[in-house]
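Below is one structure, written out as structure tokens; comments come after it.
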Amino acid sequence: MNRLTAAALAAAVLCSPAAAQRRDTALEAALLAHVTELASDAYDGREPGTDGEAKTLRYIGRQWFDIGLESGTNDPRNAWFAPVTLVAREPASSRVAFSRRGRPQFSPLGSTEVFTSGKRTLLNSAPVLFVGKGQHEVGRAELAGRVALLFEGGDSSALRQNALLKAGAAAVMTILDGERTLDEVRARRSRSGYALATEELGGDLDAYISAEGIERALAGGPLDLTALRALAAQPDFTAKVLDLAVTLEATTRETRINTHNVIGRIPGRRPETGAILLLAHWDHFGECASAPAEDLVCNGAIDNASGIAALTEIARRLAKGPAMDRDVYFLATTAEEIGLLGAEAFAENPPLPLDQIVAAFNLDSFALAPRGTPIGIVGRGLTALDAGILAVAKAQKRKVVDGDAANAYVRRQDGWALLAHDVPTVMVSSSWSDIARVERFFDGDYHRPGDQVKPGLDLSGTAEDVAFHVALVRHFADLKKVPPRSK
Ligand SMILES: [Zn+2]
């Protein structure tokens, strides 16, 4: 135990009010040891795809193996560590060339931009079909092989572009005839971020042109920009083939990250009756500050070394106790911080049918409140789990705050990715019972180098939440208390 541990424990003893539960200082020390290790600079902020990931996976894998879990990947080629591939595509190059009856039209520099959802997409000399504001239905036969040219309008532009592509347009070209500039469109596209790598690479072409650009493209033809605006404003507008062809080409630069979810399991006696899932994200941001700041590493002590620490100590207690009816899965997810991607990968490629999961509990940022704090439920009212949770709370003499204020955070945690796949998932913790406390964290150390092990880090509430989850899992894993999910 280091100096910090002793100081934190001493401070907690001094200021903690008399609580109903007997204090488990050994558990608090074990939690602090995990958090201290995972949030040390040696792990460099636990960024997916880095050495920090390798260290994190090794630590979690070794802990879970020693506790006596077995691999939960159900994939002998990838025991314990389920691969997750992330891909980011950044626009790299873009080319737009208009022609009329085989003769090139002049295009002012910087007046067009085209993006592809794939690696490289080329559309050669396709006829242009003017579809006004895109609000009128256009037939599949009319769109096939053509570039749909439309005026942008409001927030639904992206929806109308997608609808035209789906209806068979070879590409969509939007005239920026309002507030939005090409630079704004470009800036937005370059920030698109990571996604799960899927097998098929889309090849949708999505082009933009300034008012000046389209004026030049139309020059010398029967219709100018003013005429297009007038046409689009007609109530009985119908799509019109323009005497114009366009070549579009776009490429992207791809960055891949090979990362992993860790999955362990305690086998139950009646696995055919379903499973319980506990999850916490292991990843964080790596180095997130920039010089001249001295401390560049975002260690993520609370977010979410504390959740992994809790998950591990829950596993230890469940593995030691009597056998349960249901399987219990332990999932340490990757890439939560960049969009719940590890949880999404688990849901898309699960080690067991998702409808077998009777209850799932996410553990994120579990070290915000001291012992004696009531519990909040993130996802309250969204699953059939509430009654069981309240019954366990009563038996454990834990208070649960009324209302569903904590649901303000439901989309910001891994449970959301599972809920979207109909897995009944909640986050139950004293950390999430008081909005003001959570907001103080968000305004303070959250996602900053300050989220590290330091005096004042109080794991006494986390320890109580560990004990509560042990009881929760025992309840939901008990066939007599919770029947199998009906299909
Ligand atoms: Zn976070």
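Any read-out appearing in this document is the output of simple, stated calculations on the displayed coordinates, not a laboratory observation. All values reported here derive from a predicted model rather than from experimental measurement. Here Cβ is always computed from backbone atoms with ideal geometry, including for glycine, and neighbour counts include all displayed protein chains.
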### Query
Which ³J(HN,Hα) values in Hz, rounded to whole numbers, follow from the phi angles of the stretch 189-197 under the Karplus curve 6.51 cos²θ - 1.76 cosθ + 1.60, where θ = phi - 60° and Gly and Pro get x?
5, 6, 9, 6, x, 8, 9, 5, 6
### Summary
In Å³ per residue, the alpha-carbon convex hull of the chain encloses 180 Å³
#### Entry: Amide H contacts under 5 Å for Arg371, placed H, 5+ residues apart
Ser460, Gly461
### Message
Taking every DSSP beta bridge with both residues inside the stretch 88-254, roughly what % is antiparallel (nearest 5)?
### Response
70 percent
### Task
Normalising by the residue count of the chain, find the relative contact order in percent from Cα pairs under 8 Å and 6+ residues apart.
21 percent
### Query
For the stretch 156-242, which GluC sites (Glu not before Pro) are both in a DSSP coil and crowded by at most 10 other Cβ atoms within 10 Å?
Glu179, Glu199, Glu200
### Electrostatic dipole magnitude of the stretch 88-254 [Cβ: Lys, Arg +1; Asp, Glu -1; Cα centre; debye, to 20]
360 debye
### Message
Can you compute the modelled spin-label distance between Asn162 and Glu294, with each label point 7 Å from Cα toward Cβ, in nm?
### Response
4.8 nm
### Query
How would you rank Ser433, Ser157, Ser460, going from fewest to most other Cβ atoms within 10 Å of each one's own Cβ?
Ser157, Ser433, Ser460
### Query
Per residue of the chain, what 222 nm ellipticity follows from adding -39500 (n - 2.57) for every DSSP H run with n ≥ 4, rounded to the nearest 500?
-9000 deg cm²/dmol
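Summing +1 for each Lys or Arg and -1 for each Asp or Glu, what net charge is found among the other residues whose Cβ lies under 14 Å from the Cβ of His421? Could the numbers behind the result be given before it?
Details: positive: Arg485; negative: Glu344, Glu348, Asp355, Asp414, Asp422.
Residues near His421 contribute -4 overall.
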### Task
Could you let me know the centre-to-centre spacing of the stretch 131-192 and the stretch 284-362, using Cα atoms, in angstrom?
39 Å
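Just to be sure I understand: if I project the alpha-carbon convex hull of the stretch 88-254 onto a plane and average over all orientations, what area do I get in nm²? Before the final figure, lay out the partial values.
Working: hull surface 37.9 nm².
The Cα convex hull of the stretch 88-254, projected and averaged over all directions, gives 9.5 nm².
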### Task
Pop out the ³J(HN,Hα) list for the stretch 314-331 in order, Karplus 6.51 cos²θ - 1.76 cosθ + 1.60 with θ = phi - 60°, rounded to Hz; leave Gly and Pro as x.
5, 4, 4, 5, 5, 5, 6, x, x, 4, 10, 5, 8, 5, 10, 9, 10, 10
### Query
How much length is gained if the chain between Leu223 and Val87 is pulled fully straight, taking 0.36 nm per residue apart and subtracting their Cα-Cα distance, in nm to one decimal?
44.7 nm
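Taking the Cα centre of the chain as the origin, how large is its charge dipole in debye, to the nearest 20, when only Lys and Arg (+1) and Asp and Glu (-1) carry charge on their Cβ atoms?
Here the chain has a charge dipole of around 980 debye.
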### Message
What distance in nm separates the two pseudo spin-label positions at Asp355 and Glu212, each 7 Å out from Cα along the beta-carbon direction?
### Response
5.9 nm
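Would you kindly state how much longer the chain becomes between Arg62 and Arg120 on full extension, computed as 0.36 nm times their sequence separation minus their alpha carbon distance, in nm to one decimal?
Numbers: separation 58, 0.36 × 58 = 20.88 nm, distance 4.28 nm.
So the chain would gain 16.6 nm between Arg62 and Arg120.
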### Task
Could you sort 421-431, 130-140 so that the peptide with the highest average Cβ count within 10 Å comes first and the rest follow in order?
421-431, 130-140
### Message
Need one number: nm distance between label points at Thr25 and Ala233, each 7 Å from Cα along Cα→Cβ, rounded to one decimal.
### Response
8.0 nm
### Message
I need the phi-derived Karplus couplings for the stretch 31-42: 6.51 cos²θ - 1.76 cosθ + 1.60, θ = phi - 60°, integer Hz, Gly and Pro marked x.
### Response
4, 5, 5, 4, 5, 4, 5, 5, 9, 7, 4, 4
### Other-chain or far-sequence residues with amide H under 5 Å of Ser433's (modelled H)
Gly376
### Query
Got the relative contact order for the stretch 88-254 handy, in percent, Cα pairs under 8 Å and 6 or more residues apart?
46 percent
### Query
Full extension from Lys454 to Asn78: what is 0.36 nm times the residue separation minus their Cα-Cα distance, to one decimal in nm?
131.7 nm
#### Entry: Under-26-angstrom lysine pairs by C-alpha in the chain, whenever the two are 8 or more apart or on separate chains
15
### Message
Amide H of Gly118 versus every other amide H placed in the peptide plane: which residues, excluding those fewer than 5 positions away on the same chain, fall under 5 Å?
### Response
Asp204
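Counting only DSSP beta bridges with both residues in the chain, tell me the antiparallel percent, nearest 5.
The antiparallel fraction comes to roughly 65 percent.
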### Query
Using Cα-only point scatterers and the Debye equation, what is log10 of I(q)/I(0) for the stretch 250-349 at each q in 0.11, 0.22 Å⁻¹, rounded to two decimals?
-0.46, -1.16
#### Entry: Neighbour-count ranking [beta-carbon atoms within 10 angstrom, fewest first] of Cys298, Cys288
Cys288, Cys298
